Amino acid sequence: LDMARTLTASRALQRLRSSSSAVKNKLRRQTLYQKEKLNRNKEKKERKKKRNEEAKKMGDQAPPKEVPKTLENTRVAEETTVDPEDLETLQDEKTDEMASYFDRLTAPKVLIISITKTSLKTNIFIRELSLCIPNSEVRLRRNVPLKKLIPEAMKRSFTDVLVVNEDRKQPNGLLHIHLPNGPTAHFKLTNFRRGYDIKGHGRVTSHQPEVVLNNFCTRVGHTVARMFAALFPHDPQFQGRRVVTFHNQRDFIFFRHHRFNYFNNGCVCSWTVCGDVYSASFGTSDNHTHTHKQLN
């Protein structure tokens, strides 16, 4: 049955292309193509309606609905997927570079810097990043190379360094260096949108946010998630209703900063965007505090 439907759809599309491609006039060809496309969609809706009516008449004996093919359910399983409760994973967490943070031996202190000259949008991005991450400081670069800046940051008890890069007056890169012994990760920023450009945006409060790390299942993703978690304080203040979300999907990390609102004695919940919205793709990683050549 599936093969017959596929052949029918492919033949209909082939007839549609052949009938419209024979017309030499571009406007007439486009008009004919649109009409035939509308007719094809109409026939498709009628077939779907007919199938639904037949399934309703058959009741429990109706065949199950077909599951559409998507990128998620057709993706090949990742071989490096790890179980968070696995003994080997738990042992690695006790000995990795972020173990001191999760053992509450160190408190996060983040230094945010940029390249030498930054545009207005990059400065806004840095400001929103500092408001999102508590206990963070923004410092000017002043033509100081990272090889000299990192030792100074270590002397002043900074645990992480975030370097923002820009291209064509748009923030396009983020270098995350965990001190003192790494690791270092570089991310490419895309789909950047300011929080003030979003309708109904809210203001950021001084409460410590709750951090949500979703779908970091691979070994590298597990390390990256722990790096993100080490940027924020240990104990979130839930009364502030601030949530910072890092969602990993299709090799992209989607960042959202929300604040929840409750109505009708907690029966209705809504959320308000508090900061910038962007996505990041993981580029390179290093187990040390090596600097990136393009950001020096």
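The values are calculated or read from the model by the stated rules, or taken from the named source; none is laboratory data. Everything numeric in this text was worked out from a predicted model, so none of it was measured. As a convention, Cβ positions derive from the backbone with ideal geometry for all residues, glycine included, and neighbour counts pool all protein chains shown. Accessible surface is based on the protein model in full, side chains and every heavy atom, while ligands, DNA and RNA are left aside. Shrake-Rupley method; radii C 1.70, N 1.55, O 1.52, S 1.80 Å.
Points worth noting:
- Among the conditions (1) assigned to a loop (DSSP other than H, G, I, E, B); (2) more than 16 Å from the chain's Cα centre (by Cα), residue 216 misses just one, which is (2).
- A count restricted to the range 167-193 and to residues that are free of Cβ contacts under 8 Å to residues at least 24 places away in the same chain and on the phi < 0 side of the Ramachandran plot stands at 2.
- Any chance residue 241 is within 16 Å of residue 134 (Cα to Cα), basic (Lys, Arg) and either under 18 Å from the mean Cα position of the chain (by Cα) or open to solvent by 50 Å² or more (accessible area, probe 1.4 Å) (or both): yes
- Any pair with Cβ under 6 angstrom, 6 or more apart, that starts in the range 249-269 at a residue that is over 30 Å from residue 222 (Cα atoms) and ends at one that is open to solvent by less than 60 Å² (accessible area, probe 1.4 Å) and of a type in the set (Gly, Ala, Ser): 261/270
- Candidate set from the range 88-133 (those that are touching a residue at least 40 places away in the same chain (Cβ under 8 Å) and basic (Lys, Arg)); member that is nearest to residue 231 (Cα to Cα): 109
- Verdict on residue 94 being open to solvent by 30 Å² or more (accessible area, probe 1.4 Å), under 30 Å from residue 169 (Cα atoms) and of a type in the set (Lys, Arg): no
- The set of residues in the range 244-272 that are β-branched (Val, Ile, Thr), open to solvent by 20 Å² or more (accessible area, probe 1.4 Å) and closer than 14 Å to residue 204 by Cβ contains only 272.
- Meets criteria (open to solvent by 30 Å² or more (accessible area, probe 1.4 Å), closer than 25 Å to residue 256 by Cα, out of contact with any His (no Cβ under 9 Å at 6 or more places or on another chain) and assigned to a helix (DSSP H, G or I)) for residue 147: no
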